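The values are calculated or read from the model by the stated rules, or taken from the named source; none is laboratory data. Keep in mind it's a predicted model, so treat the numbers as computed, not measured. Please note: Cβ atoms are built from the backbone with ideal geometry, for glycine as well, and neighbour counts cover all protein chains shown. Only protein heavy atoms, including side chains, enter the accessible area calculation; ligands, DNA and RNA are left aside. Shrake-Rupley method; radii C 1.70, N 1.55, O 1.52, S 1.80 Å.
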Amino acid sequence: MTTTTDAVSGAGRAAQGPRVAWADAAKGLAIALVVLTHATIFLGEAGHGSPLWRDLNKLLTGVRMPLFFTVSGLLAASVASRPWREVLRRRVVPSAWLFVLWLLLTTAFFTAGVWVEAGQPAGPAEFALALVRPHTELWYLYALAVFAVVARLLRPVPPPAQLAAAAVLSVTTSAGLTATGSWAWDNMAAYLVFFLAGAHGRRVLPRVVEGVGVLGTALLLVTFTLLAAAVSLLDLHLVPGLPLLRGALGVLGASAACALLVRRWPRTPLRALGRATLPVYLTHVLFIALLTTALELLVPETLPRAVRLLLPVAVTVLVVLAGVAVRRVLARVPGLLAPPDALVPSGR
């Protein structure tokens, strides 16, 4: 069974099997899109934004986190069948530990004044609030802990009923009918269905994804793009069911594309990135803030349009490489990538 950090990094045993080889590439694609989104946000607030990338990131909303949670569910497929002690020590505790620790580190970083915009936590009050109502990019770890508990609680419920209930919750939340007032909690309600779909589809999903083929993949991607563009341009975000349909098409299309990519290019960098998503995820906002701050100091005036078009991609590449590069350094410091052994004792 993979640990929570395996589920985030894609380094679990399940991801190494040939039937889910595309899961690593899908993880890599998802984290790259997450970094790109935050790079676009930070650069925009620094006055170096690009309307094109802002609009593209809106379109990619339908694939970014749905794909992340679907693959996370796939890699955590056995969570519901384990005893509570196992769920807590292998899923809940690691996610909760990383969330609290890195929230503390992030809060200290932004409290120091390196960057205080983009809704980042600054000060003890913001830190305390984020423990209950997460409002930083670390909310994904919070969601993984919650989803592990939910999946275990739903164990007696047949998977089709779980997926149906989660789909209804996703539809009503996305339409604003059951909104909580917290964007992170609303996102968790909207994306739970994708996590459960990955967990319960561990046998079916790989066969479907790998059997789509080139034409099927192209059709899925075109359909997703048209629907995502319509939702964004016509402001159809609150139309019941459309965000869920968009996410389902995005996940299937992106997964099928990753399956084709891995089949033709087994050593694709996306697959390698998918095995190292944890350090990238934990550090990417810090690196983006540092690069953006340096850019503001060195280039206070607005950059040419062509440069602003390339800048989000350049920052994304640099931040991803930096996150992968510090992986070994972080691994040498106890607690930074996994909780101390005292919190996750071995045995049942």
List His284, His237, ordered by accessible area with a 1.4 Å probe, largest first
His237, His284
Pick from Ala190, Ala306, Ala25: which residue has the top mean-square fluctuation in a GNM of the chain where Cα pairs under 10 Å get a spring?
Ala306
Taking N as the number of residues in region 165-292, what is its Cα Rg relative to 2.2 N^0.38 Å?
1.21
Which value, in debye to the nearest 20, gives the size of the charge dipole of the chain about its Cα centre, when Lys and Arg are +1 and Asp and Glu are -1 at the Cβ?
1480 debye
Report the Stokes-Einstein translational diffusion coefficient (µm² s⁻¹, integer) for region 246-291, Rh taken as the Kirkwood radius over Cα pairs, at 25 °C with viscosity 0.890 mPa s.
197 µm²/s
What are the equivalent ellipsoid semi-axes of region 282-348, built from the alpha-carbon gyration tensor (square roots of five times its eigenvalues), in whole angstrom, biggest first?
37, 11, 9
Just read off the accessible area of Trp183 with the full protein assembly in place, 1.4 Å probe, to the nearest 10 Å².
120 Å²
Under 1.5 on a/c is rounded, so check that first for region 222-348, then, if it is not, pick prolate when a/b is larger than b/c and oblate when it is not; a ≥ b ≥ c are the square roots of the alpha carbon gyration tensor eigenvalues.
oblate
On the protein heavy atoms, probe 1.4 angstrom, tell me the percent of accessible surface of the chain carried by carbon and sulfur.
70 percent
With -39,500 (n - 2.57) per DSSP H segment of 4 or more residues and division by the full residue count of the chain, the 222 nm estimate, nearest 500 deg cm²/dmol, is -22500 deg cm²/dmol
For region 222-264, place one equal point scatterer on every Cα, skip the solvent, and apply the Debye formula. What is log10 of I(q)/I(0) at q = 0.17, 0.33 Å⁻¹?
-0.49, -1.09
Extension gain (nm, one decimal) between Thr172 and Asp235, 0.36 nm per residue minus Cα-Cα:
21.0 nm
When each pair of different Cα atoms in the chain is counted once in the 1/r mean, what is the Kirkwood radius in angstroms, to one decimal?
20.6 Å
Keeping all protein chains in place, calculate the accessible area per residue for the chain (probe 1.4 angstrom), answer in Å².
45 Å²
Work out which helices of the chain, taken as complete DSSP H runs, extend at least 18 Å along their axis over the Cα atoms and score a mean Kyte-Doolittle of 0.0 or more, then list them.
21-45, 93-111, 139-153, 159-174, 183-200, 213-233, 242-264, 277-298, 305-325
Considering Cα pairs under 8 angstrom that are at least six residues apart, work out the relative contact order of the chain and quote it in whole percent.
33 percent
Could you compute how fast region 21-105 diffuses translationally, taking Rh as the Kirkwood radius over C-alpha pairs and applying Stokes-Einstein at 4 °C with viscosity 1.567 mPa s? Give it in µm² per second.
85 µm²/s
